[in-house]
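What follows is a set of notes on a single structure, which appears directly below.
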Amino acid sequence: MEEENAGVPNTGKKHDSETAADLERVTDYAEEQEIKLDIENAFQLIGEKRQQELNKKARRELELAKVKVNKEDIELIANEMEISKAVAEKNLRENGGDVVKALSVLVNG
């Protein structure tokens, strides 16, 4: 068999290695594109989740803003618990404007 191919250069192995290298490059490119797409999808999901959380927080803030509270109650809680008026007001709103409940939550954690 070697005698038949003695005068012909062996280009088969060279062709096979070039083909394998080309295939490897194509495979690498496809894998890179897949990874890039996965990363883009992950960032999109993170962005959507963040937006959902912001929307939920905004809705909650609107709900709390609707709760009627007295300035005297805010001052009472702030003075008794030695907290800022903003914290006292938020706690009072979260407890439906009920001073006793708001104080109880602050005392009991």
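Here are the numbers:
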quantity	calculated
Residues being at positive phi and over 31 Å from the mean Cα position of the chain (by Cα) - total across the stretch 97-109	1
Condition met for residue 80 (charged (D, E, K, R) and over 34 Å from the mean Cα position of the chain (by Cα))	yes
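Bear in mind these aren't lab numbers, they're just calculated from the coordinates by the rules spelled out. Please read all numbers here as calculations on a predicted model, not as lab measurements.
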